[in-house]
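Dropping a structure here in structure tokens format, bear with me for questions.
The values are calculated or read from the model by the stated rules, or taken from the named source; none is laboratory data. Not measured: the values here are computed from a predicted model. Every residue, glycine as well, gets a Cβ built from its backbone with ideal geometry; the counts of neighbours run over all protein chains shown. Remember, those area values only see protein heavy atoms, side chains included, never the ligands or the DNA or RNA. Shrake-Rupley method; radii C 1.70, N 1.55, O 1.52, S 1.80 Å.
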Amino acid sequence: MGPPSRFPEPRASVRLPQPVFVERLLVDVEMRRGRAYRRLAVRTVVACEDGVDGYVARAPAGWTGDPESVPVKAIFGCRVETSPDAVDLRFPKPLRKGERHEFVSLVCEDDLDEERQWINVDVDHHGIAPGVVDGEGKVTGGLNVSITFDDRVPEACWWYAEQTEYERMVRPPAGDRRLLEIRRGVVEHTFRGPCRPREQYGIAFR
């Protein structure tokens with residue numbers, strides 16, 4: 001049987017897109033024993049309509065909805081509010097259309113029972129700007145994914161864009177531009193093109 005067709009996968013983005021456009025998203029993940037232990041996200045968003053007062057975060061699988069054990073932490077520019085099926089990062093005040101806001105959140109998974117094969121970003125809003133890196137190597141726009149591995153460093157890492165789960169796990173051949181260098185246990189990639197709504201982007205590894 002060949003690879004599946006590219007039909008949308010079940011995910012949050014099948015809902016109406018969140019009313020923001022992301023100018024910059026930095027995702028920094030710490031891996032432990034093949035699991036994603038911590039995931040820090042720095043976002044700069046632009047409101048696409050008046051009255052945008054927050055952002056819906058994705059809680060890790062297995063969270064029971066208990067507000068006392070919510071794994072999403074607000075670090076800067078937001079506060080956490082929970083409901084039985086969602087975690088909201090509320091802004092200090094509602095945004096007007098075109099207004100920018102930067103906020104930082106952290107997801108911690110202490111009970112790690114599933115090994116990861118990729119770190120994925122689901123574009124469940126109005127998209128992410130093309131990647132921009134200044135002369136000092138600082139990411140000033142777009143999507144950047146960085147992964148720090150412990151002593152279980154994979155033998156290969158590569159970036160993927162707009163692929164099914166089947167497609168993203170096919171290791172690119174030697175010399176392919178998608179293959180990424182692992183330096184001192186760290187791999188990262190800035191997506192130079194725009195990231196489109198309802199698509200997925202990230203780094204896979206083996």
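Have a look at VAL80, GLY141, LEU179 and report the one farthest towards the positive end of the charge dipole of the stretch 61-206, computed about the Cα centre with Cβ charges (Lys/Arg +1, Asp/Glu -1).
Result: GLY141, furthest along the dipole toward the positive end.
Here's another thing I want to ask about it. Leaving out ligands, DNA and RNA, what percent of the accessible area of the stretch 20-205 is carbon and sulfur, probe 1.4 Å?
Here carbon and sulfur together make up 46 percent of the probe-accessible area.
When the dipole is taken about the Cα centre of the stretch 98-206, and only Lys, Arg (+1) and Asp, Glu (-1) are charged at their Cβ, what size is it in debye, to the nearest 20?
Result for the stretch 98-206 is approximately 660 debye, rounded to the nearest 20.
Compute the projected area of the convex hull of the Cα atoms of the chain, averaged over all viewing directions, and report it in nm² to one decimal place.
The orientation-averaged projected area of the Cα hull of the chain comes to 12.8 nm².
Give, in nm to one decimal, the length gained when the segment between GLU81 and GLU99 is fully stretched (0.36 nm per residue of separation minus the Cα-Cα distance).
Stretched out fully, the GLU81 to GLU99 stretch lengthens by 4.3 nm.
Using a Gaussian network model on the chain with a 10 Å cutoff between Cα atoms, which of ASP88, ASP134, ASP53 fluctuates the most?
ASP134
Calculate the spin-label point distance for ASP134 paired with ASP151, positioning each point 7 Å from the Cα along the beta-carbon direction, and give it in nanometres.
Distance between the two pseudo-spin positions: 3.9 nm.
Follow-up. If the only charges are +1 at each Lys and Arg Cβ and -1 at each Asp and Glu Cβ, what is the size of the charge dipole of the chain around the Cα centre, to the nearest 20 debye?
Dipole about the Cα centre, nearest 20: 540 debye.
How many Å² of accessible area per residue for the chain, probe 1.4 Å?
On a per-residue basis, 56 Å².
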